[in-house]
1. Under the 0.36 nm per residue contour assumption, what length would be gained going from the current alpha-carbon distance of Q158 and H82 to full extension?
2. Taking each pair of distinct Cα atoms in the range 90-168 once, what is the resulting Kirkwood hydrodynamic radius in Å?
3. Could you tell me the accessible area of D108 in Å² (1.4 Å probe, neighbours in place), rounded to the nearest ten?
4. Leaving out ligands, DNA and RNA, and with a 1.4 Å probe, what % of the accessible surface on the range 91-152 is carbon or sulfur?
5. For V124 paired with S59, estimate the spin-label separation in nm (one decimal), with each label point 7 Å from Cα along the Cα-to-Cβ line.
6. On each of the three principal axes of the Cα atoms of the range 31-168, give max minus min coordinate, whole Å, ordered largest first.
7. Counting every Cα pair in the range 51-120, what percent are over 21 Å apart?
8. Largest first, what is the accessible-area ranking of M48, M85, M156 with a 1.4 Å probe?
Amino acid sequence: RACKPATRPSQSKQLCSPCCSRQGLHQYVRASQAKRSEVQNVLERVLMKRIALMGGSISREIKRFGLQEADYQGERYQGHPHKLMGNDDVLSLTCPDVVEQIYCAYLDAGVDILATNTYHSTWVSQSDYGLQDDAEVAIMNVESVRLAKRCAAAYMQQNPGSVKLVAG
């Protein structure tokens, strides 16, 4: 299975996203915190009406695709010295189409809060794969959130009046 290649500049070997440097990541976090109260208000409104459902296991769903080592490496990590198969978080960079399909399936199933593919996107977990560098961990987290937000936005556009949130 060959995944659709990544098209964003931040998915190339060179990390060029503004969130890749420590300073850029801190700016991203500060901007996110400014939106926090707005998101809290939306979540409170949802919870006042009903119980909110949160998306389930991304990793379990990834297994259904039968991906191989080459899929996990993609173009970005081609020739990486460590095996990456099993590092499902890296798929947000190397197979974003797979991650998006899973996100969309959870939204179609009725989740209100979409959990991102970032369970192991920490330097501790990524050190098992030789990807513990702060910039690599940051871009995994940022890209997973970006994909989830894009799927949630598309769902809300197709289903006016629906509210979908992203957590990760």
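The values are calculated or read from the model by the stated rules, or taken from the named source; none is laboratory data. Please read these numbers as outputs of a predicted model, since none were measured by experiment. Because the Cβ atoms are built from the backbone with ideal geometry, glycine has one as well, and the counts that use them run over all protein chains shown. Calculation scope for accessible area: heavy atoms of the full protein, side chains included, ligands and nucleic acids excluded. Shrake-Rupley method; radii C 1.70, N 1.55, O 1.52, S 1.80 Å.
1. Values: separation 76, 0.36 × 76 = 27.36 nm, distance 4.10 nm.
That works out to 23.3 nm of additional length.
2. On the way: mean 1/r = 0.0773 Å⁻¹.
Result for the range 90-168 stands at 12.9 Å.
3. 120 Å²
4. Working: 1240 of 2230 Å².
In the range 91-152, the share of accessible area belonging to carbon and sulfur is 56 percent.
5. Computed distance between label sites V124 and S59 equals 1.4 nm.
6. 50, 31, 22
7. Working: 634 of 2415 pairs.
For the range 51-120, the fraction of Cα-Cα distances above 21 Å is 26 percent.
8. On the way: M48 165, M85 95, M156 65 Å².
Ranking M48, M85, M156 by accessible area, largest first, yields M48, M85, M156.
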